[in-house]
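The values are calculated or read from the model by the stated rules, or taken from the named source; none is laboratory data. Model, not experiment: these values are computed from the prediction. FYI the Cβ positions are ideal-geometry reconstructions off the backbone, even for glycines, and counts take in every protein chain you see.
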Amino acid sequence: MSRCYCSLLRTATRKVGSVYDDALAPLGINIAQYSLLRLIERRQPVSFTELGRVAELDRSTVGRNVRVLERMGLVETGRGEDDQREAVVRLADHGHQVLEEAAPLWDECQREVETRLGSENVKALRAILGAI
């Protein structure tokens with residue numbers, strides 16, 4: 001086992017992420033897209049800049065990811081009401097539908113990970129990740 005914390009976290013992230021990706025695959029999305037859709041849903045309409053801030057991603061990465069979601073018909077982009085120079089994004093009807101279908105799949109993944117880890121390890125994991 002590696003002594004590098006970054007490598008250990010990346011490996012664990014890939015393993016946990018694959019649980020969610022496999023569950024969401026029938027809907028045509030992965031966990032990263034699901035998470036971004038949820039952030040958009042909670043803040044819409046949201047500027048690319050604000051979305052990047054809350055997702056902890058740079059604006060260009062947010063822009064690329066939003067364009068993928070837009071091509072999939074999950075989101076719509078436009079201009080801000082207060083500042084026409086600012087690009088904003090909101091869920092499309094199809095995005096709402098996909099999130100509604102994805103919610104029980106995500107819930108099941110949460111339960112699966114919690115079952116695999118056990119309640120004490122889940123508490124420890126939350127504490128550790130919260131400290132980072």
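What the table shows:
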| read-out | value |
| --- | --- |
| Unmet requirement for Gly95, which otherwise passes all of (1) in a helix (DSSP H, G or I); (2) within 15 Å of the chain's Cα centre (by Cα); (3) closer than 24 Å to Leu9 by Cβ | (3) |
| Extreme residue, nearest to Phe48 (Cα to Cα), among residues of the stretch 82-92 that are of a type outside the set (Asp, Glu) and assigned to a loop (DSSP other than H, G, I, E, B) | Arg85 |
| Which numbered condition Gly73 misses (of (1) assigned to a loop (DSSP other than H, G, I, E, B); (2) in contact with a Leu (Cβ under 8 Å, 6 or more places away or on another chain); (3) among the small types (Gly, Ala, Ser)) | (2) |
| Unique residue being surrounded by 12 or more Cβ atoms within 10 Å (Cβ to Cβ), basic (Lys, Arg) and more than 22 Å from Gly28 (Cα to Cα) when the list is Arg59, Arg85, Arg67 | Arg59 |
| Residue that is surrounded by the fewest Cβ atoms within 10 Å (Cβ to Cβ), among those in the stretch 1-36 that are in a loop (DSSP other than H, G, I, E, B) and among the hydrophobic types (A, V, I, L, M, F, W, C) | Met1 |
| Pairs, first within 12 Å of Leu37 (Cα to Cα) in the stretch 59-83, second hydroxyl-bearing (Ser, Thr, Tyr), C-beta under 8 Å, six or more apart | Val66/Thr77; Glu70/Thr77 |
| Selection within the stretch 59-71 - closer than 20 Å to Asp83 by Cβ and modelled with pLDDT under 95 | Arg59, Ser60, Val62, Gly63 |
| Out of Ala92, Ala103, sole residue that is among the small types (Gly, Ala, Ser) and surrounded by 14 or more Cβ atoms within 10 Å (Cβ to Cβ) | Ala92 |
